[in-house]
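Inspection log for the structure reproduced underneath, given as structure tokens.
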Amino acid sequence: VPEDQADKLLLASWGLPKAVVEKYRTMGVVQMFEWQAECLMLGQVLEGKNLVYSAPTSAGKTLVAELLILKRVLETRKKALLILPFVSVAKEKNCYLQ
């Protein structure tokens, strides 16, 4: 992330509703890693273009997907489908995204 865009690491900089930012804060998520912000700033990803990214387990891939989904759902007022690989992860995200 360029130095002049360091604020893009903060979740509050992405135009999410305050309630969403606050919920993430209560879960200990206030800012992203540089690579996560870079993913969101690539091309036209925020306008719905495709993004393929890879990172190790527990690196934070899901946060990127969640933010992309949240932004699109809030901006387009359409529904989204989040497919997860394991029942345990699906149950965790169900509680998390409530």
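The values are calculated or read from the model by the stated rules, or taken from the named source; none is laboratory data. As the structure is a prediction and not an experimental result, all values here were calculated from the model. All Cβ positions, even for glycine, are placed from backbone atoms using ideal geometry, and neighbour counts span all protein chains on display. When the accessible area is computed, the model is the full protein with side chains, heavy atoms only, and any ligands, DNA or RNA have been set aside. Shrake-Rupley method; radii C 1.70, N 1.55, O 1.52, S 1.80 Å.
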Gap separating the Cα centres of the stretch 79-93 and the stretch 1-56, nearest whole Å: 20
Filter on 8/79; 18/93; 49/71 - keep pairs with C-alpha separation over 18 Å: 8/79; 18/93
Sum of -39500 (n - 2.57) over DSSP H runs of 4+, divided by residues of the chain (222 nm, nearest 500): -13500 deg cm²/dmol
Computed FRET value (nearest 0.05) for residue 3 with residue 27, which takes r as the C-beta separation and R₀ as 35 Å: 0.80
Rounded accessible area of residue 47 (nearest 10 Å², 1.4 Å probe): 110
For peptides 4-11, 49-56, sequence by mean Cβ density within 10 Å, most packed first: 4-11, 49-56
Viscosity 1.567 mPa s, temperature 4 °C, Stokes-Einstein D of the stretch 3-97 from Kirkwood C-alpha radius, µm²/s: 91
Per residue value of the accessible surface for the chain (all protein chains in place, 1.4 Å probe), Å²: 72
Förster radius 25 Å - calculated FRET efficiency between residue 55 and residue 18 (Cβ-Cβ, nearest 0.05): 0.30
Built amide H within the under 5 Å cut-off of residue 31, gap 5+: 11
Rounded percent of accessible protein surface that carbon and sulfur make up, the chain, 1.4 Å probe: 56
Within-14-Å neighbourhood charge of residue 12 [Cβ basis; K, R +1; D, E -1]: +3
Dipole moment magnitude, nearest 20 debye, the chain about Cα centre, only Lys, Arg, Asp, Glu C-beta charged: 600
